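K.L.:
Questions regarding the structure given below will be posed in turn.
The values are calculated or read from the model by the stated rules, or taken from the named source; none is laboratory data. Here the structure is a predicted model, which is why all the values come from computation and not from measurement. Virtual Cβ from ideal backbone geometry, glycine too; neighbours counted across all protein chains shown.
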Amino acid sequence: MNSKLSYDIIGLGLFGAVILFGVPAFFSYDGFELNTFARYLSLAIVSMALALSWGTAGLLNLGQAATFGMGSYAMAMHLKLKASGDNLPDFMGWNNVEALPALWVPFNSLTFTLLAGLLIPAAVGGLIATFMFRARIAGVFVAVITLAFLVAFQLLVIEQQGFTGGQNGLTGLAQLELFGWTVDIYATSFYYLVGGCLMAALIFGLYLTHSKFGLVLRAIREDAERTRYFGYNVANYQTLIFCISAGLAGLAGMLYALVLEFASPTYMSVSFSLAIVIWCAVGGRESVLAAAMGAILVNLAEGRLSDVFVEGWHMMLGVLFVAVVMFMPRGIYGVIVDAGRALRRRGGSEEFAETPSFDTPLNTKQES
Amino acid sequence: MKRREFLGRAGAVGTLGMAGGLSAPALLSSVGRAYAAGDDIPVGLLFSLTGAVAVVEHTLHDAALMAIEEINAAGGVHGKQLRPIIEDPASDPATYADRARRLMIRDKCVSVFGSYTSSSRQAVLPIAEQRNNLYWYPTLYEGRECSRNIMYGGALANQQQDILIPWLAENFGSRFYMVGNNYVYPKEENNYCKTLLKVLDGEVVHEEYVPMGHSDFSSVINRIRAEEPDVIFSTLVGDSDVAFARQYHAAELDPAKLPVCSLTRSEVEVKAIGGEAAAGHFSSAPYFMGHESAENEKFVEAYKSRFGADEVTHFVSEAAYFQVYQFKAALEKLDPSNITPTGIRDAAVGMTMTAPQGEILIDANLHTHLWPKIGQWQSDGQAKVIVQSEERVAPKPYAAYPGQECTGAGLVKS
Amino acid sequence: MDVVLNQIFAGLSFASILLIIALGLAIIYGTMGVINLAHGEFVMLGAYATWALQTHLGLGVVTALPLVFLAVAVVGWVIEKVIVQRLYTRPLDTILATWGIGIILQQAVRMGIGAESKFVKGPEWLSGNIEIGALVMSNYRIFVIFLSIMIVTGTWLLMTRTEFGMKLRAVIQNRGISECYGVEAKKVYSLTFAYGAGLAGIAGALITPLFSTIPTMGTGLVVDAFLVVIVGGLGSLVGTAAAAMLIGEVTALFSIVINDTLGRIAVLAGIILLIRFRPRGLFPADTRR
């Protein structure tokens, strides 16, 4: 058995215990507090999804918010149809849309919605990835293409008001009914639904990073060219991880739309997309678990500190972020791992060589 | 397996996890039970102090806060002070929803005052309705909404346009060029304008929508030159309006021949546009800073001495201000031991008060009866009121949609 | 036809503003490989510096230009020394760090000066239009177009005709060997970053009479400018100029054929395709590293 795997399993166990038992008990099962925390948990999923493509494979996807938004709109479209009953959704009338657009019809079905929320983002992610990685686009250019895609996609969603509700997004949603269970977002059960999704996503993420697939991805991150010489089809590996990451972002988006009870084009904004990158970097992009915690910690701090320092909060966030990038490139995770190693070293025997450090340049080789 | 390494790693990840859990206690805050059970009355202020909308919303925040301070200085309500709880939703709808929950659920505010954009109101709406709380929204908006949990203080399409469109058609002509930002408010206003123009035999020569924050209007100005309309009917908001006005002026289009008539341009935008570029153009609003009345004099003076002599008041900040007084007057009618948001709402209906713009009335449909005015901007950045409605105009949120009416019992379709 | 002519001028005018913003970004990116997401905030600082100079010293937009350039260049220099310099080995991380710097600068301005939009008066002597038949051209926009051409030419001269430019090009081609020959690469980097920032400041000053001066004004500009740089090709001045022109004109023409929003989407899609098939841009420089 791979030893590293057991550490991660222990870490996951502790994290799971805190999330599933510690937090609800701590908030004495208060609906409001758990609802707020559920929001952080759904954001943790998108952060860990980014860690998969960025941390593991070295592909910085600045368009993560686009696939997140697709998931949230899929869920919101279903709930909007449910809320409208036999009528046309209200905003369509405002935009002089006469009949339900074909795009919306399948979202009457819950099964289709749940599948669409995962598979549409995954398919879109896969398409962009195929498009990029077949041409061996790497490094900064991945960031630029995904960013341009995000901006274009958000513009399109805002422009197509009759289909998407435009700037206001989709509001006035019904409650989700999942196999006869009506989801009340202030209930403990909803918290467990989101928490369960996060845990499932984390287990899946850990499984991936510890599999041979994950190993090849790390090899690609360190040196794509050399991996190619070993006979691996680099583009296929990159495309697959992009798909998976996008699908998980879609899942996070569906949950987020449930928590907030609306879907908005701001979920697809550049600043939201970069915020995801921030959470991931603060926690530590190498580990899906750390990335998830980064999202929770930053959002928890944002929620509490922005009360106290209304104006100064953004400044603190900026400073924190610059400091993390400069002094803790591996995030909090890196600091703790290093501290653990230093402690052991003081204890005497350093048994093995340093593991390859992550702060080697991700892609110093520009296209040349 | 190497046990040391194992423990180190597990510890690392575990510590991270615990940090997440343990950092919370210090940050936790109490959750009250009943409304206004303490020595004071908690009210929420939900205006963006950071982000893109902060330019306008901070003035609304200032006006509402000033009203609260005035009320407290005068002894509060029922001997209790109003306790403003300030949240900054940072111009982001998701954050509005989150902060609105805090104010309404955690802090048990009896009312929340907030927001400027349609999208932020829509984000707060489901929470206000589920919790049966009360959200005081001071902004002009597109109508077509009939919530029992929102107090609408701003003007509706009929309160801005009924007086304006016939006047424009008579004085400048009825070939309209419509330009607005791409969201629901401009589209709805334009829909209503078209119904008015139809009666007047007018014509829409072009209708276009630019993205929010759009800042280069050369193409729009070229199109305006090519189409040669009589009036530019603008529903651009914020920075887009400022950029458009400045570029319109730089292009030397003459306001005397081709005026821009805006439903959204107020003293705040004009301050950024500069009086020279804004001069000669028109706005329709229930309030202008230069309106002459004793109440307005008092309001403007208090505002300036509190926030600075070069600050301006405008039709949304006036509403943010008078809504707090409407809230206070409603509170006074209630039994102090039984204050609830819905009680405040029911007490407020039918109430009149003299606001800076004139005597206003809260309709059974929770919108406000207002005094429409048309102002022409002068080079000193103030508007001269040219036309003033002779009577108070009732709010009709469904004016563009015959057969539907918003009443005290909710939306009625006939 | 009149509309098309006027649109071509509108595109040119948009391109000239885009060019001045993108030029600074291109130099920084071409030299150091740093993607400076704080560049939009440098533009914003330039606009606020102009506002301050006008309000407190009564300087006009044009007379203030050299001072604005210096002021923003100093800010850029400090940021390079304190933060960016430590990140040259991690180009992807500079995206994140400079985004953080952007947040800090924006918030500093908001807390120091205020969130409300500031008014800057345009130059009186440049008001008015030149009309040639149906073609109407604003004098101020013509001025900006000429100034942008001058700035590109000046930068080109600086890069090719001065000792600093030679050192800069040497460092771009091979930092290690240049250092062996006694070129202080660190100093070259600092000065280049400052110069790029200063150019952004000039862009900020020039757009104040046309746009709205607020703390968030730069955020939208940086994405556009960055796309210009990528399309133009790494470290190529000609490429940047051509790309700015192309994007400006295409945006303007799409805007009459469809509308502003769809036009922008089409341009973005075009850019994505272009990067895919010509990742080195339209006019790639011959060497790098």
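K.L.:
Filter segment B:165-177 for residues that are within 28 Å of the chain's Cα centre (by Cα) and within 15 Å of B:VAL204 (Cβ to Cβ) and give the result.
P.N.:
Residues of segment B:165-177 that are within 28 Å of the chain's Cα centre (by Cα), as a first pass: B:165-169, B:176-177.
Once the filter is applied, which keeps residues that are within 28 Å of the chain's Cα centre (by Cα) and within 15 Å of B:VAL204 (Cβ to Cβ), segment B:165-177 yields B:ILE165, B:LEU168, B:ALA169, B:PHE176, B:TYR177.
K.L.:
Is there any pair linking a residue in segment C:262-274 that is at the interface with chain A (Cβ under 9 Å from one of its Cβ atoms) to one that is crowded, with 17+ Cβ neighbours inside 10 Å and not in a helix (DSSP H, G or I), with Cβ under 8 Å and at least six apart or on different chains, and which?
P.N.:
Partner pairs satisfying both residue conditions: C:ARG264/B:PRO211.
K.L.:
Next up: Which one of these does A:LEU114 not meet: (1) surrounded by 21 or more Cβ atoms within 10 Å (Cβ to Cβ); (2) in a helix (DSSP H, G or I)?
P.N.:
(1)
K.L.:
Regarding A:SER269, is this residue more than 7 Å from every other protein chain (Cβ to nearest Cβ), in contact with an Asp or Glu (Cβ under 9 Å, 6 or more places away or on another chain), over 16 Å from A:ALA66 (Cβ atoms) and among the hydroxyl-bearing types (Ser, Thr, Tyr)?
P.N.:
no
K.L.:
Something else: Scan (1) within 14 Å of chain C (Cβ to nearest Cβ); (2) hydrophobic (A, V, I, L, M, F, W, C); (3) in contact with a Pro (Cβ under 8 Å, 6 or more places away or on another chain) for the single condition B:ILE224 breaks and write down its number.
P.N.:
So B:ILE224 meets the others, but not (3).
K.L.:
Any idea which residue in segment B:388-414 is modelled with the highest pLDDT, counting only those that are assigned to a strand (DSSP E or B) and within 21 Å of B:ASN190 (Cβ to Cβ)?
P.N.:
B:VAL393
K.L.:
Counting just the residues of segment B:227-243 that are at the interface with chain C (Cβ under 8 Å from one of its Cβ atoms) and in contact with a Ser or Thr (Cβ under 6 Å, 6 or more places away or on another chain), which one comes out farthest from B:LEU168 (Cα to Cα)?
P.N.:
B:ASP239
K.L.:
Restricting to strands (runs of 3 or more DSSP E) lying wholly in segment B:65-172: which have 2 or more residues that are farther than 28 Å from B:PRO397 by Cα?
P.N.:
Here the list reads B:81-87.
K.L.:
Look through B:ALA383, B:ALA364, B:ALA329, B:ALA347 and report the one residue that is within 28 Å of B:ASP162 (Cα to Cα), aliphatic (A, V, I, L, M) and surrounded by fewer than 22 Cβ atoms within 10 Å (Cβ to Cβ).
P.N.:
B:ALA364 is the lone residue from the list that is within 28 Å of B:ASP162 (Cα to Cα), aliphatic (A, V, I, L, M) and surrounded by fewer than 22 Cβ atoms within 10 Å (Cβ to Cβ).
K.L.:
When the residues of segment B:245-280 are narrowed to those that are under 16 Å from C:GLY122 (Cβ atoms) and in a loop (DSSP other than H, G, I, E, B), which ends up farthest from the other protein chains (Cβ to nearest Cβ)?
P.N.:
Taking the candidates together, the pick is B:ALA279.
K.L.:
Ok, one more. Which of the helices (runs of 4 or more DSSP H) found entirely inside segment C:1-99 contain at least 3 residues meeting this: at pLDDT 90 or above, more than 12 Å from every other protein chain (Cβ to nearest Cβ) and more than 15 Å from the chain's Cα centre (by Cα)? First the steps, then the outcome.
P.N.:
On the way: elements: C:2-32, C:39-52, C:61-82.
Per the criteria, C:39-52, C:61-82.
K.L.:
Within segment A:83-91, can one find any residue that is part of a loop (DSSP other than H, G, I, E, B) and modelled with pLDDT of 90 or more?
P.N.:
Step one: filter segment A:83-91 for residues part of a loop (DSSP other than H, G, I, E, B), giving A:85-89.
Imposing the further condition that a residue be modelled with pLDDT of 90 or more reduces the set to none.
For segment A:83-91, residues part of a loop (DSSP other than H, G, I, E, B) and modelled with pLDDT of 90 or more: absent.
K.L.:
Under the condition of being facing another protein chain (nearest Cβ under 8 Å) and in a helix (DSSP H, G or I), which residue from segment A:20-30 is surrounded by the most Cβ atoms within 10 Å (Cβ to Cβ)?
P.N.:
A:VAL23
K.L.:
Would you say A:PHE262 is closer than 24 Å to A:SER72 by Cβ, surrounded by 24 or more Cβ atoms within 10 Å (Cβ to Cβ) and within 12 Å of another protein chain (Cβ to nearest Cβ)?
P.N.:
Here the answer is yes, as A:PHE262 does meet what is asked.
K.L.:
Additional query: Does B:TYR303 meet the test of being hydroxyl-bearing (Ser, Thr, Tyr), at pLDDT below 95 and either surrounded by 16 or more Cβ atoms within 10 Å (Cβ to Cβ) or in a strand (DSSP E or B) (or both)?
P.N.:
Considered against the rule, which asks whether it is hydroxyl-bearing (Ser, Thr, Tyr), at pLDDT below 95 and either surrounded by 16 or more Cβ atoms within 10 Å (Cβ to Cβ) or in a strand (DSSP E or B) (or both), B:TYR303 comes out as no.
K.L.:
If you don't mind, another one. Residues that are free of Cβ contacts under 8 Å to residues at least 60 places away in the same chain: which helices (runs of 4 or more DSSP H) entirely in segment A:139-250 hold 1 or more of them? Don't jump to the end; show me each part of the working.
P.N.:
Details: elements: A:140-159, A:161-164, A:188-210, A:212-222, A:224-229.
Where helices (runs of 4 or more DSSP H) fall fully within segment A:139-250 and carry at least 1 residues being free of Cβ contacts under 8 Å to residues at least 60 places away in the same chain, they are A:140-159, A:188-210, A:212-222, A:224-229.
K.L.:
Take segment B:91-113 and flag every residue that is touching a helix residue (DSSP H, G or I) at 6+ places or on another chain (Cβ under 7 Å) and more than 10 Å from every other protein chain (Cβ to nearest Cβ).
P.N.:
B:ALA100, B:CYS109, B:VAL110, B:SER111, B:VAL112, B:PHE113
K.L.:
Restricting attention to segment A:259-311, report how many residues are within 15 Å of A:GLY334 (Cβ to Cβ) and of a type in the set (Asp, Glu).
P.N.:
Total satisfying the criteria: 1.
K.L.:
Within segment A:306-337, how many residues turn out to be more than 14 Å from chain C (Cβ to nearest Cβ), surrounded by fewer than 19 Cβ atoms within 10 Å (Cβ to Cβ) and either at pLDDT below 85 or touching a Ser or Thr at 6+ places or on another chain (Cβ under 7 Å) (or both)?
P.N.:
Looking only at that region, the number is 2.
K.L.:
In segment A:294-351, what residues are part of a loop (DSSP other than H, G, I, E, B) and closer than 19 Å to C:ALA108 by Cβ?
P.N.:
A:PHE309, A:VAL310, A:GLU311 - these are the residues of segment A:294-351 that are part of a loop (DSSP other than H, G, I, E, B) and closer than 19 Å to C:ALA108 by Cβ.
K.L.:
Could you tell me whether B:TYR321 is touching a residue at least 12 places away in the same chain (Cβ under 8 Å), within 30 Å of B:ALA169 (Cα to Cα) and buried (at least 24 other Cβ atoms within 10 Å of the Cβ)?
P.N.:
no
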